[in-house]
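*Asks:* The structure under discussion is supplied below as structure tokens; questions concerning it will follow.
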Amino acid sequence: MNVTSMSIPDSVPAPGREGRLMLAPSCPKPPPSFPPLLPAPCLCHSWGGPGRAAMAVTLFWTPLLVVLLAGLGDCEAQQTTLYPLVGRVFVHTLDHETFLSLPEHVAVPPAVHITYHAHLQGHPDLPRWLRYTQRSPHHPGFLYGSATPEDRGRQVIEVTAYNRDSFDTTQQRLVLEIGDSEGPLLPYQAEFLVRSHDVEEVLPSAPASRFLSALGGLWEPGELQLLNITSALDRGGRVPLPIEGRKEGVYIKVGSASPFSTCLKMVASPDSHARCAQGQPPLLSCYDTLAPHFRIDWCNVTLVDKSVPEPADEMPTPGDGILEHDPFFCPPTEAPDRDFLVDALVTLLVPLLVALLLTLLLAYVMCCRREGRLKRDLATSDIQMVHHCTIHGNTEELRQMAANREVPRPLSTLPMFNVRTGERLPPRVDSAQVPLILDQH
């Protein structure tokens, strides 16, 4: 709808001359950031008063604020209340349908990628009893764990979903009202290691119910309940190789009010543990009803019987601080005085004397055993000395020539130089003064 004019009622008083605010005949276009649902005001203050201008601004901005507040109300996080029980397994599935807000009878696209991040409100991580897992962005996420009596009360978990395709985020708030479990106590508890499954494969209700039904054939008749589910990686297990059929493994803890069967007691007996230590299968006197759907590691079965209360630890009685008489411990009553001066002198002076002797011996060998140049020259033959002096003289002559290039040719290069005797004859013609090219003379 295009707005062409707007007037202020005449009943509103204005100081000074009477007038009114009117839209200009040609209004410029609103800026791009202006909301498209609301027309941009183009008010021209011709001669109206400030009271009417304030009223016009109020009439314009009021609908805009209403729209913004309505949008903020839609951005509030969804809130769901759950009721976990102390000592019972808690599993909550984070489905893509809940966070995508799709219409009814519309399936989630298979190519959508959604990941989740969950944390305790006001904290960067989850509480110690709660864990989160998700195999891939295509699969749903799970929050699972077993609350302890210390966790009883109200906890708020904030979950943020990230759409990796559209980069949208959705928040959900889970209010956990943790209370005590109802029903009979479960003093007989057994924990099994399932090698054929990952943790996210037994968290849904269908595989868990199938496991309890299969386990009922090995236990005494009675109601079985899941107490806890833990990934084998959280218990020190290794990540399996990427080979088909290899799984991470999962620990499943089950409780019941009925005693353990003879079959389970035999599996957890010391004889079975001895066979497992030797690499042999344990003793199993009954049919394995869990196979082939669940492959149990029978060497890692733990049975806990809480039907008999453990005796309370006796509190230590404080004494007077004086040890009782013990015939095997007879400490000396008196210690004689001892002078450590001699020990200190021996410890310091002996190494110093040894070092001083070694220094004197080295100085005698290096300084007092020199033969001298005179003895060396007398022991050397004349021919060797002449040869040495010739080399020394030629070296000095070459060094002088290097310092001053304007010198005659060295005598050692002339034909009349006798290398054997070292005799030098004056040359008849100084060939060093003869130019190489006679035309240049």
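The values are calculated or read from the model by the stated rules, or taken from the named source; none is laboratory data. Note that the coordinates shown come from a computational prediction; the quantities given were computed from them, not determined experimentally. When we count neighbours, we look across all protein chains shown, and the Cβ atoms used for this are built from the backbone with ideal geometry, even at glycine. Side chains included, ligands, DNA and RNA excluded: accessible areas come from the protein's heavy atoms. Shrake-Rupley method; radii C 1.70, N 1.55, O 1.52, S 1.80 Å.
*Asks:* Over the range 188-305, give the accessible area per residue in Å² for a 1.4 Å probe, as an integer.
*Replies:* On the way: 6070 Å² over 118 residues.
For the range 188-305, the solvent-accessible area averages 51 Å² per residue.
*Asks:* Moving on to the next point. Write down the percent of antiparallel bridges among all DSSP beta bridges whose residues are both part of the range 188-305, to the nearest 5.
*Replies:* Details: 19 of 19 bridges.
Expressed as a percentage, antiparallel bridges in the range 188-305 total about 100.
*Asks:* Along Cα→Cβ, 7 Å out, is where each label goes; now give me the distance between the ones at His387 and Leu361 in nm to one decimal.
*Replies:* 4.0
*Asks:* Are there trypsin sites (Lys or Arg not before Pro) in the range 152-260 that DSSP marks as loop and that have at most 15 other Cβ atoms within 10 Å, and which are they? Working shown, then result.
*Replies:* Values: sites: Arg152, Arg154, Arg164, Arg173, Arg195, Arg210, Arg235, Arg238, Arg246, Lys247, Lys253; in loops: Arg152, Arg164, Arg195, Arg238, Arg246, Lys247.
Here the sparse-neighbourhood loop sites are Arg152, Arg164, Arg238, Arg246, Lys247.
*Asks:* To continue, here is another question. Using 0.36 nm per residue, how much length does the chain from Ala277 to Asp337 gain when fully extended, once their Cα-Cα distance is taken away?
*Replies:* On the way: separation 60, 0.36 × 60 = 21.60 nm, distance 5.96 nm.
Going from the current span to full extension adds 15.6 nm.
*Asks:* Right, next: Rounded to the nearest 0.05, what FRET efficiency do Glu182 and His117 have when you use their Cβ-Cβ distance and R0 = 45 Å? Don't skip to the end; give the middle numbers.
*Replies:* On the way: r = 33 Å, r/R0 = 0.74.
That pair, Glu182 with His117, gives E of 0.85.
*Asks:* With θ taken as phi - 60° and the coefficients 6.51, -1.76 and 1.60, list the Karplus ³J(HN,Hα) couplings across the range 239-254 in order, rounded to whole Hz; mark glycine and proline as x.
*Replies:* 6, x, 5, x, 10, 4, x, 8, 10, 6, x, 8, 8, 10, 10, 10
*Asks:* For the range 131-185 and the range 365-391, what is the centre-to-centre distance using only Cα atoms, to the nearest Å?
*Replies:* If we compute the Cα centre of each part, the gap is 98 Å.
*Asks:* Given a Förster radius of 22 Å and the C-beta distance between Leu374 and Glu396 as r, what FRET efficiency does 1/(1 + (r/R0)^6) yield to the nearest 0.05? Intermediate results must be reported in sequence, preceding the final value.
*Replies:* Working: r = 23 Å, r/R0 = 1.03.
It comes out at approximately 0.45.
*Asks:* Another question, if that's okay. Given R₀ = 30 Å, what would the calculated FRET efficiency be for Tyr162 paired with Ile243, taking r from the Cβ atoms and rounding to 0.05?
*Replies:* Numbers: r = 31 Å, r/R0 = 1.03.
Calculated value: 0.45.
*Asks:* Using the Cα centre of the range 188-305 as the reference point, and only Cβ charges (+1 on K/R, -1 on D/E), how large is the resulting charge dipole? Debye, rounded to the nearest 20.
*Replies:* Numbers: 10 positive and 13 negative charges, 48 e Å.
So the dipole magnitude of the range 188-305 works out to roughly 220 debye.
*Asks:* Here is a further query. Within the accessible area of the range 218-282, what % is carbon and sulfur when the probe is 1.4 Å and the other protein chains stay in place? Spell out each step's value before the answer.
*Replies:* Numbers: 1830 of 3660 Å².
Of the solvent-accessible surface of the range 218-282, carbon and sulfur hold 50 percent.
*Asks:* Still on this structure, I have one more. Looking at the range 141-242, which GluC sites (Glu not before Pro) are DSSP coil and have at most 16 other C-beta atoms within 10 Å of their C-beta?
*Replies:* On the way: sites: Glu150, Glu158, Glu177, Glu182, Glu191, Glu200, Glu201, Glu223; in loops: Glu182, Glu223.
Answer by residue number: Glu182, Glu223.
*Asks:* Separate question: Chymotrypsin sites (Phe, Trp or Tyr not before Pro), restricted to the range 200-309: which are DSSP loop and have at most 11 other Cβ atoms within 10 Å?
*Replies:* Details: sites: Phe211, Trp219, Tyr251, Phe260, Tyr287, Phe294, Trp298; in loops: Trp219, Phe260, Tyr287, Phe294.
Those that pass, being in a loop and sparsely packed, are Tyr287.
*Asks:* Further question: Report the net charge of residues surrounding Ser209, where surrounding means a beta-carbon distance below 14 angstrom and charges are Lys +1, Arg +1, Asp -1, Glu -1. Before the final figure, lay out each step's value.
*Replies:* Working: positive: Arg210; negative: Glu201, Glu223.
In short, -1.
*Asks:* Taking only Cα atoms of the range 188-305, what ratio of Rg to Rh do you get with Rh as the Kirkwood inverse-distance radius?
*Replies:* Details: Rg = 13.9 Å, Rh = 14.7 Å.
Rg/Rh for the range 188-305 comes to 0.95.
*Asks:* Further question: Can you send over the solvent-accessible area of His138, 1.4 Å probe, protein chains only, in Å² to the nearest 10?
*Replies:* 90
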